[in-house]
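Below you'll find the structure, written out as structure tokens, and then a few comments.
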Amino acid sequence: MKIVIVGNSVAAINAIEAIREKDKISSITVVSDENYRAYSHPLLPNLVIGEVSRSEDRFYYRRPGFYEESKVNAILGKSVIKVNPKNKNIELNNSEKVEYDKLLLACGGKPAKPLIDGLELEGVHTLTNIKGADKLRKDLKNINHCVVVGAGLIGSKIAEKLAKKRVKVTLVELARRVLFPVLDDKGADFIHSELKGLGINLILNDSVKALGGSNRVEQVILNSGKKINADGVVVAVGVSPNIDLAKDAGLKVDKGVVVNDYMQTSDESIYAAGDVAQAYDIVYGAKRPIPILPLAAKQGRISALNILGMDVKYKGGFPMNSITIGGTSFISMGVVDSDNLEVLSFERDGEYRKFLIDEDNRLKGMILVNNIEKAGIFNWMIQNKFDVSWIKDVFLNSDFGWKYFNKAFRVLRLDRKIK
Amino acid sequence: MKTVKIREDNCIFCHLCEVACIVEHSQSKDIIKAFKREEKPIARCTVEFNYPVSLSVMCRHCDDAPCIEACQNGSMHRDDRGYVVVDSDTCVGCWMCIMACPYGVIKRDTRREMWGLSTKCDFCPDREIPACVEACPNEALTLEEL
Amino acid sequence: MKWMKNLKSYVPPSFVVERDDYRCIRCKACVEQCSFDATFYDDEEDRVWTWNANCVGCNRCAAICPTDAITVRRANPSYRYNHNWNGHVDGLKKRAIFGGTPVVSMGNDKPYPIYWDHMLLNASQVTNPSIDPLREPMELKTFLGRKPDSISVGDNGLKTKLAPQLELDIPIMFAAMSYGALSYNVIESLGRAAKEMGTYYNSGEGGLNKDHYKFKGNIIVQVASGRFGVHKDYLDVGSAIEIKIGQGAKPGIGGHLPGEKVSETISETRMMPKGSDAISPAPHHDVYSIEDLRQLIYALKESTEYKKPVAVKIACVHNVAAIASGIARAGADIIVLDGFKGGTGASPQVIRDNIGLPLEVSLAVVDERLRQEGIRQYVSLVASGGIRNSMDVVKAIALGADAVYIGTAALIAIGCTMCQQCHTGKCAWGISTQDPHLSKRVNPDMASKRLVNLLEVWALEIKETMGAMGINSIESLRGSRLNLRGVGLNEKELEILGILPAGE
Amino acid sequence: MELAKDISGCGIAGFINTDGERISGVDIVDSITLMKDRGNGLGAGFAAYGIYPDFKEFYALHVMYNDEQARKVTEDYLERKVHIEQHGGMPTRPIKKKRPIFFVYFVQPREQSTKGESEEFRLEESDEFIFKLVMFINENIDGAFVISSGRNMGVFKGVGFPDEIANFFRVDEYKAYCWTAHNRFPTNTPGWWGGAHPFSLLGWSVVHNGEISSYGANKRYLEMYGYKCTQKTDTEVVTYLLDLLVRKHNLPLHVVAKVFSPPLWSEIEYMSDENRELYSALRTTYGGAMLNGPFSIIVGFRGGMFGLNDRIKLRPLVVAKKGFNVYMASEESAIRYIADDLDEVYMPKAGEPVIAMLTDEAYAKVYGSKERTYV
């Protein structure tokens, strides 16, 4: 069988591994427009300030020799311009055609383009791939005051890193708090104080309207009319699924490429996984793209198993994030703010715990700040729609752990009898 | 594949599994030095107590380990023996594994200069029987096929 | 220091816990293990500290310490030497201060003579061959119960029907120790070991937890004066029924299980209200004479359709031979003799230390008396109370016992260090406690294995000894007092024991 | 001396003519004398059945006295208790060493001797009466010892080699249908005349090679039933056990063999239900009668001869047959020396009894009655 994978990141790599666990014979071809082996996207901010370099294993998603060992034909540095589902081939930008029996679209996302004037100016950067990071890193010596547009995961992280490099940073966020979808107000306050502690100028409830400057950016003009003098801008307003290829090929698309429970697109030979795919969200109760790494990995595996004909169902995922800003670590999952759910929360001595539970006593979301080590247990509860009625009372205990569970359940779980 | 079976009915809350784990993962592997002379490693197992319940919990080495899926740079991986271990040279302390671990058994070691380190049971690669199992005086931890 | 000593006790500590500070790694294992609140950790000082006055010398901390940093030493208060009063000072003080008689546990710990240690065994040399038990069959099987004087055999086999018998693969059983006095896990361990070794454990007077009905075929059920947990199913599960008249550790008095130990499951098993004291009266209130005992024996036989042997357990007291003879004639199939070194979960100290007779002497006189009266066949004798090792077993059998009960020895095998605190319910070894956290300290898998090991080793030692004596079946040892010689005993003691002095 | 090493304990021999033909003592003396190195001169003896046809109704008491005083006391006692049909010194040849004196008494319990002197006596209990009489003399009269007390049989024994003892007692002049003999190598008890074998009570006589390690247990078992073990010899307990089990408990001889040498519990486990029940009951009831330790025994009794080994066959026993003759001995040579052209020679298995009995006709001829009793 000829398997072709478009994209070379988390979903693709996990798909390759899953295929090779079961099938040593089929040919695997990977096509990616980036000329690098798969790397760790979350480390891009670290790359920018030189905490990690491209010569370190730490930066990459897999160790050198991965493609050879997995017998993968990697076509790197070439982009796919067309998918022909009828002829079962793809066309590369050098007009080469690659035939497939099964195709996996794992082409990820592309940076969202905000409606800001002056994005073409020098000193304006995005941070979704190595190219962008490299560019920023080289430009760093020219930047004294950097405005970071968007306080999402990348935005907050790069703001923190730049501040550490003694660059003056202004972080501009449209919402009333940083990391809006991932944290609630109280949780965000922890980050706010961390960011402020690093000397970052935090501007909330505002957005960038335009960038001014002749050749290089000199001024950032906010919607509120405020003007900030800056010689660098990082635009980090998020990514959107890279659905162009699928759309052109006539596959069913929505916000992302629509897939069924088996990660199969509307064409039965074509699968999609990762940030590009629009799969089921357990907490949300509908299909939507969730661009996070663990889900990309899981979808990559599942799509690969289905490509091999193994009939493995994707049970769905939900958003979850782990991030450390300064000295504060937090993990959040699912719904983090709601008026319709039962909310349990607790805050003391730099610790914050919040749980959201629906009327059926299913955990829908949670936030842990600083005392995060048992977070995965809640992850499991959300994932498995666990009835928490008898145990939710102890969720707020700082020493929450296995000791609070019902004995029979605990024994079965720890014996791995309940998955 | 054999795993540590947790027999909570036998756990006497003596912490000796933690002691053994610390010694095994210390530089000298000498109990006195590990505790009093060197930087004390973090125990990979945790003894929990809620009268009369007590039990030691450590990595279950899942077949479909979510921590491996969640790892952003392949540091969390399955070793030659099939156990889930962390590559401490590459771990960047992003705590994604902690977020994913359904047993809550990965701990944070934040004592390194730049990168945090996910610390978890490595099934004692230098030993035939994990130190905690050997140390448990009441066979509350046993090496078994689960 | 967190606590202040109770200075009004005026009694200096009995033990001193010494901690080698270099070795102590502050792992706090000892802190968690001490159930007598003698050890605690002071985080300000970063020190593990001991409150010596609370230490009972159970050595749990020393055993668990991973660096061997702890030594528990006896603290002999350096009162001025006085042969007459030493050993009585603290006891007097305690009575005066607390206004109550001290309750103690385990067996008599006073230095009375131990006759076992004054008897030596025989061995074959040249004229009859000794036997190697590793190569030759060596039989320990024992039957307890009433035997006829003779049996008649017809052309078609056996014509005499034998009374019900208890079949033991090894002549050692676990003595009556009740659920309540001991933790669930210990009972479980005894049951498993009894099953594996083809012998019996005795339920004691505390009834039988439903979980332990699975040991049917290896249980002797006890009927004592409190009649706790005695009902039809209970009697049916037992392979034999034992009526407890007396107990070696406290002859003449009943039992007392403090209400604190009467937990939910104990209350259910004993059929009594939770939290109330379980009091076994001194006498059975329906047994005020030997005739009454006969009626009780036959009531129990009647209710179990004469399918089970009935045993009567008595404490060894001054006219034990006559009492045993009466019991044999009252219809008992087995007589259990409990010597004054037998253990208990709680007994007033004065009783434990001053009442009763040594088992060795009692066994000798009872066996001899029954033989003289020609009724030895009709009852089996079980010796109990202070059997410490396999040679005690051999000597007991040579003196005339059919089998022995072990209690304390079994508990020691699973951890007991004889700290004599059973009555407190705080046993740090998880044995004599109902605290669910403490009782976890006995792992039935390990404990039953240790009991099995103990019995197997004893069995091997007994076989080795039998082999040395040139016999390959335990019945050839039974009552064979010629295989014993006394050393360091006076003529009268030798006469009572029915053995010759060494050299004769 | 060569005998100082390469020694193997006692020698035993015996034969029976099941047709009841009475044979002179010459053969048995030859047979036992051949096994010279199985003895050391400290004891030898013979038992003979059918030697007193003229007094076959009477208990023939062979009594050994250390001195005249003992004889006087004993005879006083006997006169009070029994009717003495005839008595006299036993015929002997001169011997150089110091020896006791031997008398034979042919007696019957006296019906009139009841009140005051002894318990009530009934004719059918004459065996029991004689048993008690013998026990009393042996236990209570200093210097007197009854060496045999059966009807139409007798024991000749003493300290010396078998040929010396045979010569002393003029064994060659007796004729018996059954002879057993013993050559002794004593180890447990000092050699004295009464302690030599065969050991006999009523009709029982036992010759025994070996040592009963269960002596202590057997002794106390017997004591419970009124047997006084005065001789400190294990052969004595074998004799008494036979008396107890056969005469008093009515167990057949082949069952008694299984009491003495019971099968292992591991063997009993695999028996048929019926046998398992029987053997379990035997072991349970008669544990105190089990003979533990190495032995081979030849038992003479009224009307037959019985050979048995311990249950793991630690001592030798050879059986041979020729016509009406059945031979048993420690060594095959002892048989072949007195009988050639044997029909059959074999070694019985551990614990397997060999029982040779007079035919019914022969029994009637010898004892004048068809109804068999063992003593």
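The values are calculated or read from the model by the stated rules, or taken from the named source; none is laboratory data. It should be emphasised that the depicted structure is a prediction, and the values quoted were computed from it without experimental measurement. Cβ atoms come from the backbone with ideal geometry, glycine included; neighbour counts cover every protein chain shown.
Within the stretch D:267-317, being over 27 Å from C:G467 (Cα atoms), facing chain C (nearest Cβ under 9 Å) and either acidic (D, E) or in contact (Cβ under 8 Å) with a residue 60 or more places away in the chain (or both) holds for D:E274, D:E277.
Inspect the stretch D:36-45 for any residue being closer than 28 Å to D:D234 by Cβ and modelled with pLDDT of 90 or more and give the result as yes or no. Yes, the stretch D:36-45 has at least one match.
Would you mind stating whether C:M197 is facing chain D (nearest Cβ under 10 Å), of a type in the set (A, V, I, L, M), in contact (Cβ under 8 Å) with a residue 60 or more places away in the chain and touching a helix residue (DSSP H, G or I) at 6+ places or on another chain (Cβ under 8 Å)? Considered against the rule, which asks whether it is facing chain D (nearest Cβ under 10 Å), of a type in the set (A, V, I, L, M), in contact (Cβ under 8 Å) with a residue 60 or more places away in the chain and touching a helix residue (DSSP H, G or I) at 6+ places or on another chain (Cβ under 8 Å), C:M197 comes out as no. Among the residues of the stretch A:176-188, those identified as under 15 Å from A:S329 (Cβ atoms) and either outside any loop (DSSP other than H, G, I, E, B) or over 20 Å from the mean Cα position of the chain (by Cα) (or both) are A:G187, A:A188. Restricted to the stretch A:250-365, the set of strands (runs of 3 or more DSSP E) holding at least 2 residues that are aliphatic (A, V, I, L, M), within 14 Å of another protein chain (Cβ to nearest Cβ) and out of contact with any strand residue (DSSP E or B) (no Cβ under 8 Å at 6 or more places or on another chain) is empty. Where strands (runs of 3 or more DSSP E) sit wholly within the stretch A:47-144, those with at least 1 residues that are of a type in the set (A, V, I, L, M) occupy A:72-76, A:80-84, A:89-92, A:97-99, A:102-105, A:124-126. Just so you know, in the stretch C:14-31 the residues that are in contact with a strand residue (DSSP E or B) (Cβ under 8 Å, 6 or more places away or on another chain) and part of a helix (DSSP H, G or I) include one that is farthest from B:K33 (Cα to Cα), and it is C:V31.
The C-beta contact set for the stretch B:48-70 (first residue at pLDDT 95 or above, second residue of a type in the set (S, T, Y), distance under 6 angstrom, 6+ apart or interchain) comprises B:V57/B:T46; B:R60/B:Y103; B:H61/B:T3; B:H61/B:Y83. Kindly establish whether A:K385 is assigned to a strand (DSSP E or B) and more than 14 Å from A:G187 (Cα to Cα). Answer is no for this residue.
Of the residues making up the stretch C:123-147, those that are within 9 Å of another protein chain (Cβ to nearest Cβ), of a type in the set (K, R) and more than 16 Å from C:A398 (Cα to Cα) number 1. In the set (1) over 20 Å from A:I357 (Cβ atoms); (2) in contact with a strand residue (DSSP E or B) (Cβ under 6 Å, 6 or more places away or on another chain); (3) not charged (D, E, K, R), A:I418 fails one condition alone, (2). Residue selection: B:R112 fails the criterion of being touching a residue at least 60 places away in the same chain (Cβ under 8 Å), over 22 Å from A:D415 (Cα atoms) and basic (K, R). Scanning the stretch C:412-421 turns up no residue that is crowded, with 21+ Cβ neighbours inside 10 Å and in contact with a strand residue (DSSP E or B) (Cβ under 7 Å, 6 or more places away or on another chain). Of the residues that sit in the stretch C:292-308 and are in contact (Cβ under 8 Å) with a residue 24 or more places away in the chain and assigned to a loop (DSSP other than H, G, I, E, B), which one is nearest to C:G217 (Cα to Cα)? The residue in question is C:K308.
Test A:L171 against the stated conditions and say whether it is crowded, with 20+ Cβ neighbours inside 10 Å, free of Cβ contacts under 8 Å to residues at least 40 places away in the same chain and not β-branched (V, I, T). For A:L171, the condition - crowded, with 20+ Cβ neighbours inside 10 Å, free of Cβ contacts under 8 Å to residues at least 40 places away in the same chain and not β-branched (V, I, T) - is met. If you check B:I12, B:I31 for being free of Cβ contacts under 8 Å to residues at least 24 places away in the same chain, aliphatic (A, V, I, L, M) and facing chain C (nearest Cβ under 8 Å), only one passes: B:I31.
Taken over the stretch C:130-155, the criterion of being farther than 16 Å from D:S280 by Cβ and assigned to a strand (DSSP E or B) is satisfied by C:G154 alone. Might you let me know whether the stretch B:15-24 holds any residue that is facing chain A (nearest Cβ under 9 Å) and of a type outside the set (K, R)? No; the residues of the stretch B:15-24 include none that is facing chain A (nearest Cβ under 9 Å) and of a type outside the set (K, R). In the stretch B:45-141, counting only helices (runs of 4 or more DSSP H) that sit wholly within it, the ones holding 2 or more residues that are surrounded by fewer than 23 Cβ atoms within 10 Å (Cβ to Cβ) span B:66-70, B:131-135. Put simply, of C:G503, C:G470, C:G488 the only residue that is buried (at least 19 other Cβ atoms within 10 Å of the Cβ) and among the small types (G, A, S) is C:G470.
Applying the criterion of being farther than 23 Å from D:W179 by Cα and at pLDDT below 90 to the residues of the stretch D:197-214, the residue that is farthest from the other protein chains (Cβ to nearest Cβ) is D:I212.
More than 25 Å from the chain's Cα centre (by Cα) and outside the structural domain of A:K135 (by TED's automatic domain parsing), is that true of A:I19? When the stated conditions are applied, A:I19 does not pass them.
Of all residues in the stretch C:32-55, which are out of contact with any strand residue (DSSP E or B) (no Cβ under 7 Å at 6 or more places or on another chain) and either in a loop (DSSP other than H, G, I, E, B) or more than 10 Å from every other protein chain (Cβ to nearest Cβ) (or both)? Scanning the stretch C:32-55 gives C:C34, C:S35, C:F36, C:D37, C:D43, C:E44, C:E45, C:D46, C:R47, C:W51, C:A53, C:N54.
Of all residue pairs spaced 6 or more apart or on separate chains, those with beta-carbon atoms under 6 Å, a first member in the stretch D:117-132 that is closer than 16 Å to D:R80 by Cα and a second member that is at pLDDT 90 or above are D:I130/D:Y59; D:I130/D:S149.
Comparison of C:V336, C:V393, C:V404, C:V317 shows that the only residue that is part of a helix (DSSP H, G or I) and not acidic (D, E) is C:V393. Hey, does the stretch D:244-259 have a residue that's more than 10 Å from chain C (Cβ to nearest Cβ) and assigned to a loop (DSSP other than H, G, I, E, B)? For the stretch D:244-259, residues more than 10 Å from chain C (Cβ to nearest Cβ) and assigned to a loop (DSSP other than H, G, I, E, B): absent. Count of the stretch D:318-334 residues, restricted to those that are crowded, with 24+ Cβ neighbours inside 10 Å and either under 22 Å from D:V259 (Cα atoms) or of a type in the set (S, T, Y) (or both), is 3.
So is D:L241 surrounded by fewer than 21 Cβ atoms within 10 Å (Cβ to Cβ), of a type in the set (A, V, I, L, M, F, W, C) and either in contact (Cβ under 8 Å) with a residue 24 or more places away in the chain or within 17 Å of C:N483 (Cα to Cα) (or both) or not? Taking the combined requirement at face value, the residue does not satisfy it. Kindly evaluate C:I334 against the criterion of being assigned by TED's automatic domain parsing to the domain that holds C:I375, surrounded by 24 or more Cβ atoms within 10 Å (Cβ to Cβ) and farther than 25 Å from C:A409 by Cβ. Considered against the rule, which asks whether it is assigned by TED's automatic domain parsing to the domain that holds C:I375, surrounded by 24 or more Cβ atoms within 10 Å (Cβ to Cβ) and farther than 25 Å from C:A409 by Cβ, C:I334 comes out as no.
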